[in-house]
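Single-structure report; data block below.
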Amino acid sequence: MNGIKKILPLLLIVLLMAMQWTGLGANHAQAASVSQDTVSLSIIGLDSDKPIQALTQVKVPEDSSINDVLNALMQENKSLNVVEDNSYGSPMVTSIKGLAQGDKGKNSGWLIYKNGIGLSASMADTAVHNGDDILFRYTSDYSTDQTVDATLKVTDQKGKTMISKSVHQQLVDGATAYDLLKAVTEAENVNLDVSFYSGMGFSINGIDHIVPDYSTDQSYWGLFINGQFATDAGASTYRLKPNDTIQFKVISDNGSNDGQSAADSNSGSSSHEDTGSGSPQMHSDVSSKQLERAITQATGYINQNNSFDFYGAMAYRLLNKELPQRFIDSLAKTLTDNGGSFRNVTDYEKLVLSVSAAGGDATDFAGTNLVKGIYASQRMTNQGNNGVIYGLLALDSGKYQVPKDAVWSRERLLNDIISQQNKDGGWALTGEESSVDLTGMALAALAPYKNQAAVKTAITKATAYLSNQQNKDGGYGSKINGGDSSESTAQAIIGLTAVGVDPAGKAFTKGQANLLTHLLDFQAESGGYRHLLTDKQANSLSTPQALLALVSYQSFLKDKHTSFQFNNDGKTLAATSVKSQQGPDVKDAQHAAKASADGEKSKETARGAAQRLPDTATPIGNALLIGTLLLICGLAFLMYNRKKNKGVRS
């Protein structure tokens, strides 16, 4: 009996620990996994061209309300500063980012729309479902809110009309083509299968269970606006105009459907071989629609993740897109943080390229002559050929004047680049092991001087080098890059298009792949581009380079070459107060992009935390606390029992 008493405390401790580990120390229930719906949301203030919140996706649990969607977005973007009034029993938005009800008149305020239609109940009582589109819009007079009439047509791959319906006085002015489709399919009880892409919004996968398979016959749901194939807009980005006719039609890029392909409907023939005469056209393996879609998705990824750098800035300039003010401010902040000067010449060069692409004068940006930091540099070659190549590219980006007594004149930079070309035709950072990446940018720097004999010879040798180095998959393998990287392919495309060489032509087609098709293989579901094909997620440093390559090819198709010499006559560029600039404290634009990408990961984590339901089914914390207390009690009882036994023995 005494033996049992001695081991009883020990058995109690073991039992308590087992209960704690297994969760049996409390009334424990397994938490059920929560299915989520993807909803799009945008917020438009006084200027529809400059939304307070650009179209973005928000993921919420099933059976959530519009209020839940707004709260989830607020967790991600606290700068929205949404103010709600709950005095009427249900939350009502009274102010967003300082724009409040009554600011523009007694009838001014915020209105809310679901799929382009005004709410019939409060936002807390209006449920959302997967694929819904939510719009918050400020009006100066809600009594005169306008609607638009539009007609929807849906046609299958055989040309059969599936839906033909006119909508009158239901859709708000500002509704999109997607809102029209969503409203009609819901009313008609027609299944709609969609996916969300950054920068594009919802893309149509299937309508009434008709899901084209692009991988087998290059068919997809195409958008037509008043009979014209939409090349510059998507269903979620095109805002309806009065009496528009919107058609969704199954089309094919290989011409297998009864109608024309998207490429044919806009540019005639979709395939050709570049003979060197006339304007080059799109090759059959990549359609104009594919290229446009890839550019739109990459642009959306960069904007969504704030992944802007000088590559992205140059791409935006070629697209005639205005760079966001936050990027301009980050450039000024970089200058301020470094006291207006840099040790490395490449820091000046990246800033000059960014400012020039943004439409500014790099000789006087934020009170600093960045161009002088290049032509007066005493450390031009300290970073190998990087400094010289990007230096010439930067000077030409704004056609900047260089003093006669400059340390580095254009002529000196040009001659230095040519002299550093290796025997195999490529350029290396240092030494004789040529780099595809650097060779591509060397071609871009040499392009404005290609009529000079020495430059023409260098370009011919470099083009041959890039073709010879290409592997059977259409790309380039490199130990330094960790394998076949998107950056190498992108840099090659950038350089080749700059000198007027087709990266999808015969010389750069290996097997069934060329440089362009290979680059597209790196695109992730998010719209961004991966560093390596084996990577699971897009890379914020890889994507801007890929975008510049895609846009360069698009420019090449139009003008037979790509120019990075920007005419900024009549343009102005100014940064807002650096003190008001929010964001990471960075040393250059590339670091800012990386920090921003890391921030996005944190935002995603925060969003996930905000969207989780309370853990009412998993009181594991309480179980651990109770178990710990019982464990302490057991140890105390054991010590007391030992002392008692010791006292008895003595």
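The values are calculated or read from the model by the stated rules, or taken from the named source; none is laboratory data. Being a predicted model, the structure only gives us computed values, none of them experimental. Note that we place each Cβ from the backbone using ideal geometry, even for glycine, and neighbour counts take in every protein chain shown. For the accessible areas, the whole protein counts, side chains as well, though only heavy atoms, and no ligand, DNA or RNA atoms are used. Shrake-Rupley method; radii C 1.70, N 1.55, O 1.52, S 1.80 Å.
Numbers at a glance
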| quantity | calculated |
| --- | --- |
| Qualifying positions in the range 409-432 - part of a loop (DSSP other than H, G, I, E, B), within 19 Å of residue 453 (Cβ to Cβ) and touching a residue at least 40 places away in the same chain (Cβ under 8 Å) | 421, 425 |
| Subset of the range 374-384 (residues that are at pLDDT 95 or above and within 32 Å of the chain's Cα centre (by Cα)) | 374 |
| Options 496, 541, 547: the member that is out of contact with any strand residue (DSSP E or B) (no Cβ under 9 Å at 6 or more places or on another chain) and open to solvent by less than 10 Å² (accessible area, probe 1.4 Å) | 496 |
| Considering residues of the range 393-408 that are of a type outside the set (Gly, Ala, Ser) and in contact (Cβ under 8 Å) with a residue 60 or more places away in the chain only, the residue surrounded by the fewest Cβ atoms within 10 Å (Cβ to Cβ) | 399 |
| Output for the range 361-377, where each listed residue is of a type outside the set (S, T, N, Q) and either farther than 13 Å from residue 573 by Cα or surrounded by 24 or more Cβ atoms within 10 Å (Cβ to Cβ) (or both) | 362, 365, 370, 371, 372, 373, 374, 375, 376 |
| Flag if residue 281 is in a helix (DSSP H, G or I), modelled with pLDDT under 95 and either open to solvent by 10 Å² or more (accessible area, probe 1.4 Å) or more than 21 Å from residue 565 (Cα to Cα) (or both) | no |
| Residue check, residue 454 among the small types (Gly, Ala, Ser), in contact (Cβ under 8 Å) with a residue 12 or more places away in the chain and crowded, with 18+ Cβ neighbours inside 10 Å | no |
| Hits in the range 378-392 - residues which are open to solvent by 10 Å² or more (accessible area, probe 1.4 Å) and either of a type in the set (S, T, N, Q) or not in a loop (DSSP other than H, G, I, E, B) (or both) | 378, 381, 382, 383, 385, 386, 390 |
| Residue 449 vs. criteria open to solvent by less than 10 Å² (accessible area, probe 1.4 Å) and aromatic (Phe, Trp, Tyr) | no |
| Tabulated pairs, the range 343-357, first more than 13 Å from residue 382 (Cα to Cα) and among the polar types (S, T, N, Q), second assigned to a helix (DSSP H, G or I) and open to solvent by less than 30 Å² (accessible area, probe 1.4 Å), C-beta under 8 angstrom, 6+ apart or interchain | 354/310; 354/313; 354/327; 354/331; 354/589; 356/394; 356/397 |
| Residues (within 26 Å of residue 546 (Cβ to Cβ) and open to solvent by 80 Å² or more (accessible area, probe 1.4 Å)) located in the range 326-338 | 326 |
| All positions within the range 389-409 that are under 36 Å from the mean Cα position of the chain (by Cα) and of a type outside the set (S, T, N, Q) | 389, 390, 391, 392, 393, 394, 395, 396, 398, 399, 400 |
| Number of the exception - residue 484 against (1) in a strand (DSSP E or B); (2) modelled with pLDDT of 95 or more | (2) |
| Qualifying residue in the range 295-309 (condition: modelled with pLDDT under 90, crowded, with 23+ Cβ neighbours inside 10 Å and small (Gly, Ala, Ser)) | no |
| Strands (runs of 3 or more DSSP E) contained in the range 158-231 and holding at least 1 residues modelled with pLDDT of 90 or more and small (Gly, Ala, Ser) | 161-172, 201-207 |
| All positions within the range 13-55 that are modelled with pLDDT of 55 or more, out of contact with any strand residue (DSSP E or B) (no Cβ under 6 Å at 6 or more places or on another chain) and among the polar types (S, T, N, Q) | 35, 48 |
| Scan of the range 65-119 for residues that are open to solvent by 60 Å² or more (accessible area, probe 1.4 Å), part of a loop (DSSP other than H, G, I, E, B) and touching a helix residue (DSSP H, G or I) at 6+ places or on another chain (Cβ under 6 Å), ordered by number | 97 |
| Residue that is surrounded by the fewest Cβ atoms within 10 Å (Cβ to Cβ), among those in the range 135-181 that are in contact (Cβ under 8 Å) with a residue 40 or more places away in the chain and at positive phi | 159 |
